[in-house]
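Contents: one structure, followed by commentary.
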Amino acid sequence: MLLAVLNHAGIAVFAASGALIGVRKRLDMFGVWTLAALTGVGGGVARDVLLGIHPPSSVQGWGNLTTATIAAAFVFVFHPQFGRLRRSVLVLDAVGMGVFSATGALTALQHEASPFAAALIGITTALGGGVIRDMLVNEVPLLLQQRDLYAIPALTGAVATVAAWSWGATEARSLVAGAVLATGFRLLALWQKWRVPVAPTDVVGRFVSTCKRALRR
């Protein structure tokens, strides 16, 4: 039950983030809805494809698309109340990412995936919708943006869900642990402006230069 509730919550939050970007890009009503719907169900479709669920359960019925449509309509009408759109998108995206990392991992475990595969499928579920959203509006995905900590919080949430489940925790506790950890990690990283390290420039050359300067002394 909680899995279904969180799945719909993740769809709603991701759809809202997609709709906000659609509003920011000045898309029309259909464009906003399309972006919201694909953002909301994109991660779930990727999860189902990896698990061999055909056709994907995310688009089997009207439930998921209805959730995305309601979220898109709400944002379309009340977007001025969201204040700064980009900040709202980042917060909603963090919540959606956290929820989907946990639900994706747990769904994979319920379909007899190994813990390792479940963690990877959890990451894919968390990242799929956001990547589709950003590519559709010709933006660099948050996954690749400015050395942002994005995939690592998703991985943390998925691994936490798998670990809790493997240690005998209930479905509800596993989901909450993974979702809260991933979301909290992502929001903390945004607040503290944590960045992923980039490749250093010519370590060997700098070492040789340092040695030469030391020898000259």
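The values are calculated or read from the model by the stated rules, or taken from the named source; none is laboratory data. Since we're looking at a predicted model, the values are computed, not measured. Cβ placement follows ideal geometry from the backbone for every residue including glycine, while neighbour counts extend to all protein chains displayed.
What the table shows:
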read-out	value
Of all residues in the stretch 19-42 being at pLDDT 90 or above, assigned to a helix (DSSP H, G or I) and of a type outside the set (A, V, I, L, M), the one that is farthest from the chain's Cα centre (by Cα)	F30
Scope the stretch 20-42; condition buried (at least 20 other Cβ atoms within 10 Å of the Cβ) and free of Cβ contacts under 8 Å to residues at least 60 places away in the same chain; matching residues	V32, W33, A36, A37
Complete set of residues in the stretch 131-155 that are at pLDDT 85 or above and assigned to a helix (DSSP H, G or I)	V131, I132, R133, D134, M135, L136, A151, I152, P153, A154, L155
Some residue of the stretch 186-197 being at pLDDT 85 or above, assigned to a helix (DSSP H, G or I) and farther than 22 Å from S88 by Cα	no
Selection status of V95, of a type in the set (A, V, I, L, M) and closer than 22 Å to L187 by Cβ	yes
One residue from T201, T183 being modelled with pLDDT of 90 or more, under 34 Å from the mean Cα position of the chain (by Cα) and not aliphatic (A, V, I, L, M)	T183
Only listed residue being part of a helix (DSSP H, G or I), under 16 Å from the mean Cα position of the chain (by Cα) and at negative phi, chosen from A105, A72	A105
Verdict on L136 being over 17 Å from G40 (Cβ atoms), buried (at least 16 other Cβ atoms within 10 Å of the Cβ) and of a type outside the set (G, A, S)	no
Lone unmet requirement of (1) surrounded by fewer than 23 Cβ atoms within 10 Å (Cβ to Cβ); (2) over 13 Å from G104 (Cβ atoms) for V45	(2)
Given (1) buried (at least 24 other Cβ atoms within 10 Å of the Cβ); (2) under 22 Å from R195 (Cβ atoms); (3) modelled with pLDDT under 95, index of the condition A158 fails	(3)
